[in-house]
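These notes concern the structure reproduced below.
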Amino acid sequence: MSTDLEIVDGQSGAITALDPPHVLAWSWGDERYRFDLRPDGDACLLTFTHSFGDRALGAQHGAGWECYFDRLAAALGGAELPEERAH
């Protein structure tokens, strides 16, 4: 499966896997992203993968995703993580 995404700033992408609510994967330029959900007892387990070629960006990408996942964890717990705490 591949569904082309809009071209922005010279980059384009495509949805590469879609199986709601279990899998969402896409490409953007030379980067690949994937969210997988699977049952885990009474909850679920989220596995996120972000693949990219420029190793120098690893720390930056990691820090950015850490902020987003902290906000997601807060929201799932019924709270809100303010923008200033998130970063």
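The values are calculated or read from the model by the stated rules, or taken from the named source; none is laboratory data. In this text the structure is predicted, and so the values were computed from the model without any measurement. Here the Cβ is made from the backbone with ideal geometry for all residues, glycine too, and neighbour counts use every protein chain on show. Ligands, DNA and RNA are excluded from the accessible area calculation, which covers all protein heavy atoms including side chains. Shrake-Rupley method; radii C 1.70, N 1.55, O 1.52, S 1.80 Å.
Structure notes:
- Shape analysis of the stretch 11-58 places it in the oblate category; the axes a ≥ b ≥ c from the Cα gyration tensor give an a/c of at least 1.5, with a/b not above b/c.
- Note on Ile15: accessible area is roughly 40 Å² with a 1.4 Å probe, heavy atoms of protein only.
- Computed [θ] at 222 nm, deg cm²/dmol, the chain (DSSP H ≥ 4; -39,500 (n - 2.57); rounded to nearest 500): -8000 deg cm²/dmol
- Of [x] 6.9; [y] 7.4; [z] 8.3, the label for mean projected area of the Cα convex hull in nm² derived from the coordinates: [y]
- Label zone (Ala17, point 7 Å along Cα-to-C-beta; backbone nitrogen cut-off 19 Å) within the stretch 31-52: 31-40, 44-52.
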